[in-house]
Structures are given as C-alpha cells and as structure tokens.
Amino acid sequence: MAPGNAPAEPVVDVDDIQGNILAGFNKDHQRLIAIVFRGIPAAKRWLLRVVPHINSTREVLAFNTLFKMARARRGGQEPIGLVATWTNIAFSHDGIAKLTSAAIADDLPDPSFVAGLTKAQSQFLGDFAASPQDDPTAEWVVGGTGHIPDVLMIVASDRVDQLVALAAEIIPSEQIDGPDAPTVVWQELGETRTDLPGHEHFGFRDGVSQPGVFGLVSKRPKAVLTPRFLENPDPTTVAFAKPGQPLVWPGNFVLGYPSTNRNDGTPVDPAPLKQPWFRNGSFLVFRRLTQDVAGFHRFLRDTAADLAQTPGFTGLTPEHLGAQLVGRWPSGAPISRAPQQDDTSLAADSLANNDFLFGSDTPPPDYLPGVKHAGAFPPAMEGSNGPICPHAAHIFKVNPRDLASDVGPDFDTLTRRVFRRGIPFGPPLAQDSPGDDGVERGLHFICYQASVVDQFEFLQQHWANAEGFPATGGNDTIIGQRPDRKRSASIPPIVTGQQGAAVTTPTQWVKPTGGGYFFAPSLSAIRNVLAADSPAPDVASSRAVVSPPRRPEKKRG
Ligand code: N7H
C-alpha cells in the first residue's frame, strides 16, 4: 500500500489485551482448566489474586521476539533456558452474568456467545447425536448442557514443571480464597507431540498459516504488531505482511478497533460497544476434538490403493491422498507448490510455505529492501495448471484465499480469519500400531475472533460442512460434519490429462467431545469490572483470607 494512500494504523493496546489472542503463547505444554463459581465474593477475590499473573500481549510479543532472535543466531537450535510460563483467562456468558448481571452479559455483541455452545448451537454446527432430538453435548467431558463452566483458564509453558507450579499457585483454593472458592470442574493437559513436534495427531504440521494484523504497538510509525516483509504498492488489493500472510484490521479479532470492509478491505470504524470495558476483549471458541487416527489412516490406505488402479491416480500413495484432503503435506508444504511430493525445505521456509494463491498463478513476492529470502521453490500455478489443491481440502475450505467465495470477494474471506491457538491432547498413536489402541487423543482447538457467528461458526457450518461452499468440490473431510457422517470430496487427478475422482468417507474421524464459547476480556476489565466490588469475606474462615490490597487504577486510553 503506498504510504500516501495507506489509512493510518491504530495503536493497539498491547498492555491491556491478553497475550494469547494476537501474539500467541506457542508453548509445548498447555493446560486448560474449567472453573465454576460458587460464592461471587469469593470468585471476585480469586480473580483479583489471579490478575497479576495474566499475561499481556506486550509480554508475550517481547518473549517471542527474543526467542526467535536467539534461535536464529544459533542456526535454528532452541536457546537453552529461555523459557516462559503464561496464563490467560476467559469467561462464558454465565460467568460474566454472575460477576456483573445477565443484562450486561447480554450486551456482548455476539448472539452465539450469548446463547452459549448449548444443544441448539451444537446442533447448528452439525455435531453428531444418536437422533436429531438428542443433545449432541450430552456426553461431552466439558461444557455439555447443564455443565457450562464460568471460566476457561489457559496455563502454558515451555516446561511442564513450571506449568504445574504456576497452575498450583493460581487455581482457586479454599485455603486462600475462602470456603466458597470457585471449583475446578475439568482440566486437561495438551502437549506438542514428542515424536513429531508441531504436528497434530493425523501427522500434519499445524500452526503454519495465521493472519497478520494491521496496527502498531506504540505511537512510533514503524512499531508494527505484525512484522512486514513486503511492499504493498496497490491499495486496491489485499495487503500482505509476509508472502501469503494477509493483513487484517484488528477489529476482526479484538473489540473496539477498525475492522475490514468485506467488499474492498478498507478499515471500517468499530461499532459503539454497549459497555466500554468490552474494548480490548476477544471471543474464544474452544472445541475438544477427538481424532480417530487409525480410522483416518485406514481410509487413506484403502482409498489410495483403489484409486491407484485408475489412470488419473497411478502411483497414488496414502500420504499423497492425505495431502490432497488437507491441502498440505505432512511437513506443512502446500500441495499447490509441491503437487507431486512433500518438500521439507519449502515447508521450513516461512516466506514460502504460505506463498500460494488458489484463483491465479502466484506472482513472485515484492520484498521490501533488505529482506533475506531463499525463493528457489517452484511457484503455485493454480491459474494455469489448477485446480491442484482440491476445493474440498481443509485449508481451502477454511481459507479460499484469493478465489472469490460464495459470499464475496477475497476481502470477505479476510473477515473470516481467526487466530488458532490449539494443541494436541493425548499420546500419539504408535507409528507401527496395527489399528486403534483404544486411547483417546485429539486437538484442543482454540480460536480467537471478534465474532463467533461470522468467523468460527461460519467456517465450520457454512463452509466446512457444506458440499458447494466456498466453491463447488465437496465437504471438508477433516472437520466437516453431516447428519449421516459421510462426506465426499472431488480430487483432481495427479496424472495430467486424466480424470479426477470423488472419494467418500465412511465415517467422521474428528468428533467434538467438549467445548464452549468464552470472552477473553482486557486486563483492565478483569481487574476493574469483573473482580471489582468484592465485599469482605462472605463466610468466616479459620484461616486468614489473603486478598491483595486494592490500589486506585490508572485510567487507560
Ligand atoms: Fe484446521 N489437520 O491436521 O488437517 N488445520 N484442523 N481447523 N485450520 C490447518 O495452516 C486440522 C479445525 C483452520 O490459512 C492445517 O496451520 C485438524 C477447525 C484454519 O491456509 C492443518 C483439526 C477449524 C486453517 C489442520 C482441525 C480449523 C487451518 C494446515 C481437528 C475451524 C488455516 C496447517 C482435529 C472451524 C488455513 C496450518 C489457511 C489449517 C488440521 C480443526 C480451521 C494440518 C486435524 C475446527 C482457518
């Protein structure tokens, strides 16, 4: 975008926004803790005790920058001893209603958050139940009907011992917070795979594609939140931070900032918030998704063996079919740039592994002066040789990139982007396992957005579940859900000039087994509104109730 034409980027309040939203903890160990309030005064006392531990965007950004610098100087080796342990917190509608009032909680600008991830909302997402009348959340381990937690806490660390120590200090305790202290109703540790770090249980690298955000971390014009590597000379097209990483206005992730116009990408002023303290908050969607790893790989083996007998798919391997269903190879290399086989060097290059378009050939990136880049990989030729990536592939279904979707141009797709902060749970299935080992495993899917309705729910219900949206080509066979559980995907041939094929899955390998909709408020909102007005301890306790002294708060801009 030419400097003269570029709209001014807002200063984002990185001291007030929780750190996992825009910066991302990105830790190897992450525990989710669901909490229910009993007495409200005790809940507020506990919250006040926890506030100093909740990490801001500035803290997480600073650590992530330091870590990347140290790792780069060591040729990619992880710096020893540079560890951090973080916490963030989010509240369900019920949790906010209890700490304020039902009317105030109803003021939050998202009907699905207000409704909660209840039976009706879960049915809307296509979650499976034995019959249409049954409640799909009935068997959930967390968040099912009648069991919605008030709080979801995230404690994440590079070291599990430090995670355990911090969690022990900050979870509610009757000794510290009084006999009516909130109760932990569920908790579970997510961990990066030790056998394949950074990969989810099906074997694919995760966390490769995240949006960039317009915005500054201070009034200095070059202090950008998302580092910039590219020139953006044409203000009428989507602007990119890195190749394939579009810039989205911060109001699509955090309340109270300009958001992206779905027709032309220009910034739209934020709608007035009914409560000023909603500013700097973000909606968190949590889905505990169990994965049938053996079932997925059995399907790939059987289907690839069948298809390999046909002229369009001669030599098709299970790995190649998996790459077509995801849109990336296990390493993370996009099939649009590596159509025939995995390319681990391409996958490892963060300036190349997202540099692909679906609607046209991808032009060479226009780097800013001084940016070092390898750039020796073949470009994606989806325009001339495509479609290479099936339109049913998971990464196409949830982000059709430059290709206009059923609801609008590429600018509209920007408004659907979310920040994903998930991590696997459960042990990996042994590579040589002949079948399922009966152990539960899956993904703690977490994403942040400014609208659950227009972002997470839209991606899941309108695109992933559908056969014909965002473009014709079938269902998302990874996360799409249908009442009969069968999903179909059209796969382009891997042999030029031959026919493609349609594959149909017999079952659903990813199943929701828990979850909820939450609001991650700003630090000042937690301290000054949600934890405020704590009266003296409600119930006499034999031990002193430790409550930090209250100090007058500075007003934030
Ligand atoms: Fe997905 N997988 O292993 O196949 N996802 N996902 N996801 N996902 C992505 O780009 C996976 C789920 C998105 O910008 C990759 O990080 C699995 C839900 C989005 O190109 C892989 C599960 C939703 C993207 C997976 C799961 C999304 C994305 C590629 C469940 C939202 C970015 C690596 C168990 C409704 C797309 C990467 C882009 C990428 C997998 C869930 C959304 C490998 C196994 C529920 C927006």
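In degrees between 0 and 90, to the nearest 10, how far off the longest principal axis of the chain does helix 40-50 point, with axes built from Cα atoms?
The two axes meet at around 70 degrees.
Going 7 Å from the Cα of R71 toward and past its Cβ, which residues in segment 177-214 have a backbone nitrogen under 13 Å from where you end up?
Flagged as within label range: 197-199, 206-208.
Can you compute the radius of gyration and Dmax for segment 294-402, using only the Cα atoms, both in Å?
Expressed in Å, the Cα Rg and Dmax of segment 294-402 come to 14.9, 51.
Extending each Cα 7 Å along its Cβ direction at V453 and V268, get the distance between those two points in nm, one decimal.
It works out to 1.2 nm between the two label points.
Can you list residues whose amide H is under 5 Å from S360's amide H, if they're 5+ apart or on another chain and H is modeled 1.01 Å from N?
Those lying under 5 Å, H to H, from S360 are G383.
Using R₀ = 35 Å, calculate the FRET efficiency as 1/(1 + (r/R₀)^6) where r is the Cβ-Cβ separation of I80 and S218; round to 0.05. Working shown, then result.
Details: r = 31 Å, r/R0 = 0.89.
That pair, I80 with S218, gives E of 0.65.
Got a number for carbon plus sulfur as a percent of segment 406-470's accessible area, 1.4 Å probe? Let's see the in-between values first.
Numbers: 1210 of 2310 Å².
Result for segment 406-470: 52 percent of the exposed heavy-atom area is carbon or sulfur.
Against the globular-protein guess of 2.2 N^0.38 Å, express the Cα radius of gyration of segment 182-316 as a ratio, rounded to two decimals. Could the numbers behind the result be given before it?
Numbers: Rg = 21.8 Å, N = 135, 2.2 N^0.38 = 14.2 Å.
Against the empirical 2.2 N^0.38 Å value, I get 1.54 for segment 182-316.
Could you tell me the center-to-center distance, by alpha carbons, between segment 469-509 and segment 1-66 in angstrom?
Spelled out, the Cα-based centre of one part sits 38 Å from the other.
Compute the angle between helix 160-170 and the longest alpha-carbon principal axis of the chain, please, reported from 0 to 90 degrees and rounded to the nearest 10.
In the chain, helix 160-170 runs at an angle near 40 degrees to the longest axis.
Starting from the Cα of T496, step 7 Å toward the Cβ, then list every residue of segment 311-345 with an amide N under 14 Å from that point.
Under 14 Å, as judged by backbone N against the label point of T496, lie 339-340 of segment 311-345.
Quick one: of K242/K397; K219/K274; K44/K222, which pairs are farther than 31 Å apart, Cα to Cα?
Details: K242/K397 22 Å; K219/K274 27 Å; K44/K222 40 Å.
Those over the limit are K44/K222.
With every atom except the alpha carbons ignored, what do you get for Rg and Dmax of segment 1-100, in angstroms?
Taking only Cα atoms of segment 1-100, I get Rg and Dmax of 18.2, 56 Å.
So what's the angle, to the nearest 10 degrees on a 0 to 90 scale, between helix 293-307 and the longest Cα principal axis of the chain?
Between helix and principal axis, roughly 10 degrees.
Pull up the cross-link candidates among the lysines for K27, meaning alpha carbon to alpha carbon under 21 Å and not fewer than 8 places away within one chain.
Of all the lysines, those that pass the test against K27 - Cα under 21 Å, at least 8 places apart if same chain - are K68.
Using alpha-carbon positions, what is the distance between the centroids of segment 230-280 and segment 161-178, in Å?
About 38 Å separates the Cα centre of segment 230-280 from the one of segment 161-178.
Give me, ordered by chain and number, the residues 5 or more places off L225 or on other chains with an amide H under 5 Å from its own placed amide H.
Sorted by chain and number, the residues that satisfy this are G215, L216, V217.
Straight-line reach from K119: which lysines have a Cα under 18 Å away, not including same-chain ones fewer than 8 places off?
K511
The values are calculated or read from the model by the stated rules, or taken from the named source; none is laboratory data. Everything quoted here is computed from the prediction, not taken from an experiment. Heads up, the Cβs are rebuilt from the backbone with ideal geometry, glycines too, and the neighbour counts pull from every protein chain shown. For accessibility, only protein heavy atoms count, side chains too; no ligands or nucleic acids. Shrake-Rupley method; radii C 1.70, N 1.55, O 1.52, S 1.80 Å.
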